[in-house]
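Below is one structure, written out as structure tokens; the observations come after it.
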Amino acid sequence: MKNVLVFLPMLAGHMLGSFAAWQQSIAAFLCFSLLASSAYLINDLCDIEADRAHARKRNRPVAAGRIGVVPALFASLALLVGGIAVGLFLPPLFWLAAGAYLLGTLLYSFLVKRLVGPDVLWLAGLYTLRVLGGAAATQITPSFWLLAFSIFLFLSLALVKRVSELAALPEEGGQLKNRGYMPGDIETLTGLGTASGLSAVIVLALYIRSPEVLELYSRPYALWLLCPLLLYWVMRVWLGARRGWIREDPIVFAFRDPQSVAVFALATLVLVAGTG
């Protein structure tokens, strides 16, 4: 689901009517999905002991023993080869983004996820690399506004992921395995995450007032409705993290949450109204 982000540059660049852009974006989506699946299997092998001690993650196929270590390694290799094969049909600049994503994911699994602070910045970077991959695949130059918005929003979502994990720990004696965070960090992480999410809203508001919007939208004033929609969604996600609604990646939660889906549908209607 997270790889749907590769379609964002095509949407932001007003190229939904381009058949070639759809072809390239779908190929990028398949490539990232195969590469991500390959890396996730490696991550599950690295985290096998920690996952077995986790209330939900112990049901993952590798942790539960339904898939052995050797088959998982062969599956990871096959997925990697498949991802590389699909990537060959895309522009060379896409290979750079996809390669950086794969290397970044593996480094995260082996090292970065144990570091307090760099881990969430790294996760935000992996989200953003999906957007850059979609831009490279469609040969769209990502704007400053899209990158600034992505960095702040994805940092907020990376912090949501950590807070939701901490909120799920037992009240006494709980600590995340293979992570440097403790339950007492929740308040600090929540403050940083909500501030980052609100910063994304500010970037959106500044973008609506920019000259670029006048060139792309015939009714730019309609776009102001995006700000309260995004504010509401940021608030909902952070309430979900603190109340235990979010048990997985926040983007996965968004696809399964009816209210989030409604927000995205309304945002789409606003964009259509603004385009005229």
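The values are calculated or read from the model by the stated rules, or taken from the named source; none is laboratory data. All values reported here derive from a predicted model rather than from experimental measurement. Cβ placement follows ideal geometry from the backbone for every residue including glycine, while neighbour counts extend to all protein chains displayed.
Figures for the structure shown
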quantity: Identity of the residue in the stretch 262-276, touching a helix residue (DSSP H, G or I) at 6+ places or on another chain (Cβ under 7 Å) and within 22 Å of Tyr127 (Cα to Cα), that ends up surrounded by the most Cβ atoms within 10 Å (Cβ to Cβ); calculated: Val263
quantity: Of all residues making up the stretch 52-68, the number that are part of a helix (DSSP H, G or I), crowded, with 16+ Cβ neighbours inside 10 Å and at pLDDT 75 or above; calculated: 2
quantity: Single condition Ala158 does not satisfy, out of (1) surrounded by fewer than 20 Cβ atoms within 10 Å (Cβ to Cβ); (2) under 25 Å from Arg130 (Cα atoms); (3) modelled with pLDDT under 95; calculated: (1)
quantity: Single residue of the stretch 191-236 satisfying the filter (among the β-branched types (Val, Ile, Thr) and modelled with pLDDT of 95 or more) that is farthest from Gly274 (Cα to Cα); calculated: Thr194
quantity: Gln24, sole failed condition from (1) in a helix (DSSP H, G or I); (2) in contact with a helix residue (DSSP H, G or I) (Cβ under 8 Å, 6 or more places away or on another chain); (3) farther than 25 Å from Phe253 by Cβ; (4) modelled with pLDDT under 85; calculated: (4)
quantity: Given (1) at pLDDT below 90; (2) loosely packed, with under 12 Cβ neighbours inside 10 Å, number of the condition Leu239 does not satisfy; calculated: (1)
quantity: Helices (runs of 4 or more DSSP H) wholly inside the stretch 178-268 containing at least 1 residues that are more than 19 Å from Ser164 (Cα to Cα) and free of Cβ contacts under 8 Å to residues at least 40 places away in the same chain; calculated: 186-208, 211-216, 226-243
quantity: When residues of the stretch 173-190 are limited to those that are under 19 Å from Gly240 (Cβ atoms) and charged (D, E, K, R), the one modelled with the lowest pLDDT; calculated: Asp185
quantity: Candidates Leu41, Leu11, filtered to the one that is surrounded by fewer than 17 Cβ atoms within 10 Å (Cβ to Cβ), touching a helix residue (DSSP H, G or I) at 6+ places or on another chain (Cβ under 9 Å), of a type outside the set (Gly, Ala, Ser) and in a helix (DSSP H, G or I); calculated: Leu11
quantity: Count - residues of the stretch 46-99 that are more than 17 Å from Glu248 (Cα to Cα) and either of a type in the set (Gly, Ala, Ser) or under 22 Å from the mean Cα position of the chain (by Cα) (or both); calculated: 24
quantity: Top-ranked residue in the stretch 137-149 [being touching a residue at least 60 places away in the same chain (Cβ under 8 Å) and in a helix (DSSP H, G or I); ranked as surrounded by the fewest Cβ atoms within 10 Å (Cβ to Cβ)]; calculated: Trp145
quantity: Any hit, the stretch 117-134, residues being closer than 11 Å to Leu155 by Cα, assigned to a helix (DSSP H, G or I) and β-branched (Val, Ile, Thr); calculated: yes
quantity: Leu106 being exposed (fewer than 14 other Cβ atoms within 10 Å of the Cβ) and either modelled with pLDDT of 90 or more or among the hydrophobic types (A, V, I, L, M, F, W, C) (or both); calculated: no
quantity: Among the residues listed as Leu239, Leu214, Leu198, the single one being assigned by TED's automatic domain parsing to the domain that holds Glu165 and over 30 Å from Ala168 (Cβ atoms); calculated: Leu214
quantity: Matching residues, the stretch 22-35, being among the small types (Gly, Ala, Ser) and surrounded by 21 or more Cβ atoms within 10 Å (Cβ to Cβ); calculated: Ser25, Ala28
quantity: Long-range neighbours under 7 Å by Cβ, at least six apart or interchain, first residue assigned to a helix (DSSP H, G or I) within the stretch 87-116, second exposed (fewer than 14 other Cβ atoms within 10 Å of the Cβ); calculated: Lys113/Asn178; Arg114/Asn178
